[in-house]
1. If the label point is 7 Å along Cα→Cβ of Lys79, which residues in segment 38-58 have backbone nitrogen under 12 Å from it?
2. Measuring from label point to label point, each 7 Å out along Cα→Cβ, what is the Ser46 to Ser92 span in nm?
3. For the peptides 64-74, 46-56, what is the packing order when you average, over each peptide's residues, the other Cβ atoms within 10 Å and list the highest mean first?
4. Hand me the tally of lysine pairs in segment 52-105: alpha carbons under 14 angstrom apart, and the pair either on different chains or 8 or more positions apart.
5. On a full-extension model of 0.36 nm per residue, what is the gain between Ser102 and Ser39, subtracting their alpha-carbon distance, rounded to one decimal in nm?
Amino acid sequence: MKLVFIIISTIGALLFNSPKESKTFKEVKTEKIIGSSFSLINDTKSKVSIYTGTGFVSLNKGSKTSISCKVGKEVRWAKSGRKGKVIFKIESKHCGKVLKLSKLL
C-alpha cells in the first residue's frame, strides 16, 4: 500500500513540475518611480484618444491627464479601444513634468 502511494505521489509531482521553458516573450524593463507621475496636455486642435501604458484615455482639446511614471512604457494613439502607433516612450526625464502633446509629435 505504501509503495502504491509513493508511486502515485511521484507521478503526480512529475506531472505538475514542467521543465524550464525557453523564453519566447520579449522582456521589457520598466521602472516605476514611487509617487511620481507627469501630466500630458492635449494642446492640439482636436479630441484625441491615447493609451497611457496602463489604460485608454480620451482627451478633449485643451484637457490634460495624469500618467504614472513607469519608465519604459509606451504612450500610444488609440482608436476604438485598440492601441495604435507609439507617440513616445516614458523616460525618467518626463517624471514630475507637464508635457504638451504637440511637442511630442
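We did not get these values from a lab; they are worked out from the coordinates using the rules stated. Just so it is clear, the model here is predicted, and its values are computed rather than measured. Here the Cβ is made from the backbone with ideal geometry for all residues, glycine too, and neighbour counts use every protein chain on show.
1. 49
2. 3.8
3. Ranked by mean Cβ neighbours within 10 Å, highest first: 64-74, 46-56.
4. Number of lysine pairs found: 11.
5. 21.3 nm
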